[in-house]
Each structure stands twice: as C-alpha cells, then as structure tokens.
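Here is the structure we will look at, set down as structure tokens.
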C-alpha cells in the first residue's frame, strides 16, 4: 500500500504517523520522498514503533520483531524498529539527526524551486491563451481557450502547493532543535 505524506518537518510527528500505521498492522517497506510504501503481513497484529536516525544500520535490539533499514543517503539511515509489547529504548544520533534535517532542507529547497518554475510556466500558459485567443482561428475558440486556461490555472495551484510543502519542510528542518531535544528526552 502506498501512502502520501508530504510534510515531513518533525521526527516526533513522523514516528507518530508510523505508530498510527503500525497499530493498523502496517509495516514500512520503503520510503521515497513523500511516498511511504507499507506491507501488511498480518491484519490482526499491532506493533509499537521506534524511529531511529543514524549514520549506519543499528543492530537488531532485544525485543524487536521487525527492523526496517531504509537508506536516505550513503551515510544516513532511517531505521524503523517494530516491537510487539513496547517501543524499544534506542535513541537517534544527534549528528545523524542534523544530517537528516540538512537533507530535508535541501529537499524543501528543491520543492520550492520546482514550485516557482511550475508557477512561472502556468502563468505563461494562462497568458498565452489570452494572447493567442485574440488572433482568432483554432486558438480563438472558447472551448480551446478555456481548456488551456484551466491547465495553466491548475499548474499554478499545484505549484503553490509545492511551494507551501517546500517552505514547511524547510522551516521544520531549520528549527529542528526541538526535535533533537525530544529525541534526547526519551
């Protein structure tokens, strides 16, 4: 099953999301951008989750039923540890958490740029249908102008959403000190 979760600005929220899915019996298989790929091996099984960000794979701790190692970069691992009774007592490495938030910052910046270019092209498409519509002919027909105008407006709206997601992820990764404090307080 694929679930989309675009805003990834806080490790505590992310672990809470994984916990919610684990209570329904879903185990994370893969993570790609905002797409979470889940397996559901047993519908009746419920798990407890601990999310550990580290610079290498963590050893399988005592009490863990399933451990998923997901590489984020060459030197950064997203370790999701599922247990049957209670969450495993492991902490994220503070250096790895900083690296994770730097990666989120760069990803958010890329999303902002993509949103900006998409908005620019949407405005160009929208304005071009007005300019070419004045000349008459095929582009002057109202249904064609309406279709091109809707495509341009949809591209602008999707781009605004992309900019919002990028800004939210960037702001969350810049102000991640609260995230580090919560991870260390466990």
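What follows draws every value from the coordinates through simple rules; no lab data is involved. All values reported here derive from a predicted model rather than from experimental measurement.
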- Query: What's the percent breakdown of Cα-Cα distances in the stretch 2-87 across 10 Å bins, shortest bin first?
  - Reply: 18, 54, 26, 1
- Rounded to the nearest 10 degrees, the helix 94-133 long axis (Cα) sits at an angle to the longest Cα principal axis of the chain of 10
- the chain, relative contact order [Cα under 8 Å, separation at least 6], %: 22
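Note the per residue figure in Å³ for the convex hull of the C-alpha positions in the chain. Don't jump to the answer; show the numbers that get you there.
Working: hull volume 23.6 nm³, N = 186.
Cα-based convex hull of the chain, divided per residue, equals 127 Å³.
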- Could you state the angle between the C-alpha long axis of helix 142-174 and the longest principal axis of the C-alpha atoms of the chain, as a value from 0 to 90 degrees rounded to the nearest 10? 30
- Item | Extent along principal axes [Cα atoms of the stretch 96-185; Å; largest to smallest] | 68, 16, 13
- Query: Using the Cα gyration tensor of the stretch 22-64, with a ≥ b ≥ c the square roots of its eigenvalues, what is the shape: rounded (a/c below 1.5), prolate (a/b larger than b/c) or oblate (neither)?
  - Reply: oblate
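As a check on your grasp of the helix formula, calculate [θ] at 222 nm for the chain: sum -39500 (n - 2.57) over DSSP H runs of n ≥ 4, divide by the residue count, round to the nearest 500. It would help to have the intermediate numbers written out before the result.
Details: 4 runs with 95 residues, N = 186.
Value at 222 nm, helices only: -18000 deg cm²/dmol.
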